[in-house]
Amino acid sequence: MAVLFSRTKGMLFLLFLPCFCSGQSALPLLRFSTFLDPSNMVYLRWDHDNQETMIFELQVHTTGWVAFGFSPHGELPGSDIVVAGVFPNGSIYFSVS
């Protein structure tokens, strides 16, 4: 499932969230990846195409929620942030700010 994330300086960001549904198509091949923390608990994969569309996949060992942000200056003010998680009843929430 793809979700429109943000449009920053002419770039369109897409965030792919895994959907554990039968019949789901395979995720796209993402050429770049890195762990974002020293404990290897947060793994980011990404790629881009010729139209400057970027695709991100974030894999996180979490207790129920995760936040991920983009900033033109590496700081919280002015950043675009996604917060997603799972409620105790199993329903999923997703918020973009």
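The values are calculated or read from the model by the stated rules, or taken from the named source; none is laboratory data. Treat the numbers as computed from the prediction; the structure is a model and nothing was measured. Cβ: placed from backbone, ideal geometry, glycine included. Neighbour counts: every protein chain shown. To get the accessible areas, we keep the full protein, side chains included, count just its heavy atoms, and leave off ligands, DNA and RNA. Shrake-Rupley method; radii C 1.70, N 1.55, O 1.52, S 1.80 Å.
Highest mean packing first, where packing is the average number of other Cβ atoms within 10 Å per residue, the peptides 40-47, 67-74 line up as 40-47, 67-74. The residues of segment 32-96 expose, per residue, 69 Å² of accessible area to a 1.4 Å probe.
Taken over the Cα atoms of segment 32-96, the convex hull encloses 121 Å³ per residue. Computed over protein heavy atoms with a 1.4 Å probe, the carbon and sulfur contribution to the accessible area of segment 32-96 reaches 58%.
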